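Structure first, commentary second.
The values are calculated or read from the model by the stated rules, or taken from the named source; none is laboratory data. Given the structure is predicted, the values throughout are model-derived calculations rather than measurements. Neighbour counts run over all protein chains shown; Cβ positions are idealised from the backbone, glycine included. Side chains included, ligands, DNA and RNA excluded: accessible areas come from the protein's heavy atoms. Shrake-Rupley method; radii C 1.70, N 1.55, O 1.52, S 1.80 Å.
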Amino acid sequence: MAVDPAARFAVVIPCRDRPALLRECLEALSAQPEDLVGEVVVVDVGDASAIGDVIRNFPQTRHLAARAALRPGPARNLGAAATSEARIVFLDADCRPEPGWLYAAGNSLDAGAKVVGGAILDARPLHAIAAAAHFLQNAERGPGRPAQVAKELPGAHLAMRRATFEALGGFSNAPGEDVRFARAAASRWPGRVRFEPRMRVRHTGVASWRGFWTRHLQLGSDRAQTGPPPTVVRWLGASRPAAVVAGLARLGFLAACTLRWHPAGLPRLVLFSPVVAVGLVAWGLGYARASREARSRTTAEFRSDPPAGDSESR
């Protein structure tokens with residue numbers, strides 16, 4: 001029995017210079033039910049020739065080369081604008097969808113969800129750097145987490161109706177664009193941003209020390225710019241000791257998530273704890289840097305404001 005055309009998805013994949021991972025992503029995507037995949041668009045914001053060589057092996061996939069090095073938010077928006085299906089799912093190039101991925105996403109949308117994301121599994125559980133990176137980014141989205149309302153969802157894989165995407169104006173160009181998008185959806189439609197554990201991908205992530213350090217510096221910076229409450233967090237976070245405390249609090253939260261939803265991952269957490277510690281240092285430094293910059297801007301804006309009553313009275 002054919003699937004209703006309204007149930008098909010446009011799959012939008014932003015990609016920057018990762019041809020090997022993109023190939024794995026598209027190979028896994030090709031195993032999804034054909035009647036659910038209406039369109040596949042790769043938004044190339046890097047080396048067009050390398051990505052084009054991969055896409056030529058997947059005739060159902062369109063290659064959309066951006067004219068500039070776009071951030072993830074604008075890249076997703078560009079890809080969505082180039083598609084026409086009633087449903088859109090955004091998928092990162094370093095993620096491989098598991099069997100049943102699109103069915104789970106569609107079922108959640110049919111049940112009333114406005115935005116749905118799912119579990120993110122570790123594609124390289126025995127690689128120290130990749131496993132530590134996965135823990136620091138995705139411990140709260142483990143395979144054992146139950147279906148529930150979510151306040152935040154990562155952009156690694158997100159599904160929604162086109163009408164929802166357009167009503168929110170797409171993704172912003174600001175840091176943490178996926179967090180901002182999910183929060184906007186949760187604010188507009190309370191209780192209808194959902195985590196669905198049967199919607200699963202395997203995430204490859206970074207595997208080099210340089211990539212690991214740079215990534216977690218950026219993640220810490222993004223959190224300082226999106227984490228509530230912004231005023232208190234940014235002012236306290238501008239202190240390096242306070243940023244260390246924030247990093248330790250984050251470790252506690254992620255360890256608790258692992259214990260609750262994926263206790264089998266605790267031995268690996270202990271084994272790779274030195275690498276996790278390095279990632280937390282990078283996260284804390286990024287958090288502190290963004291906090292200091294925010295405090296400097298706030299101070300400069302305050303100093304530039306004229307005193308009350310001191311405008312045209314002279």
- prompt: Among ALA207, ALA139, ALA75, whose mean-square fluctuation peaks in a Gaussian network model of the chain (Cα, cutoff 10 Å)?
  reply: ALA207
Computed label-point distance, nm, for sites VAL244 and ARG162 using a 7 Å Cα→Cβ extension: 5.3 nm
For the chain, size of Cβ-based charge dipole, Lys and Arg +1, Asp and Glu -1, in debye: 800 debye
- line: Stretched fully, the stretch from ALA69 through ASP35 gains (0.36 nm per residue minus C-alpha distance, one decimal, in nm) 9.0 nm
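Mind putting a number on the dipole of region 82-124 about its Cα centre? Charges go on the C-beta only, +1 for Lys and Arg and -1 for Asp and Glu, and I need it in Debye to the nearest 20. Before the final figure, lay out each step's value.
On the way: 4 positive and 6 negative charges, 14 e Å.
That gives region 82-124 a dipole magnitude of about 60 debye.
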- prompt: Nearest-5 percent of antiparallel DSSP beta bridges in the chain?
  reply: 35 percent
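Counting only heavy atoms of protein chains, what accessible area per residue, in Å², does the chain have with a probe of 1.4 Å?
Per residue, the chain has an accessible area of 48 Å².
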query: Considering only LEU219, TRP283, LEU21, whose Cα is most displaced toward the positive end of the charge dipole of the chain, charges sitting on Cβ of Lys, Arg (+1) and Asp, Glu (-1)?
result: TRP283
- request: Would you mind telling me the share, in percent, of accessible area of region 120-177 contributed by carbon and sulfur at probe 1.4 angstrom?
  value: 57 percent
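Pull out the extension gain between ALA255 and VAL270, defined as 0.36 nm times the separation in residues minus the alpha carbon to alpha carbon distance; nm, one decimal.
Numbers: separation 15, 0.36 × 15 = 5.40 nm, distance 1.02 nm.
Between ALA255 and VAL270, full extension yields 4.4 nm more.
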field: Descending semi-axes in Å of the chain, equivalent ellipsoid built from Cα gyration tensor
entry: 33, 25, 20
- request: May I ask you to list the residues of region 115-159 whose amide nitrogen lies under 17 Å from a point 7 Å from Cα along the Cα→beta-carbon direction of SER208?
  value: 128-131, 133
- line: When the charge dipole of region 1-140 is computed with +1 at the Cβ of Lys and Arg and -1 at the Cβ of Asp and Glu, the Cα pointing farthest to the positive end, of ALA119, VAL12, GLY79, is that of GLY79
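Under a Cβ-only charge scheme (Lys and Arg +1, Asp and Glu -1), can you give me the dipole magnitude of region 94-159 about the Cα centre, in debye to the nearest 20?
Values: 6 positive and 6 negative charges, 13 e Å.
Once rounded to the nearest 20, the dipole reads 60 debye.
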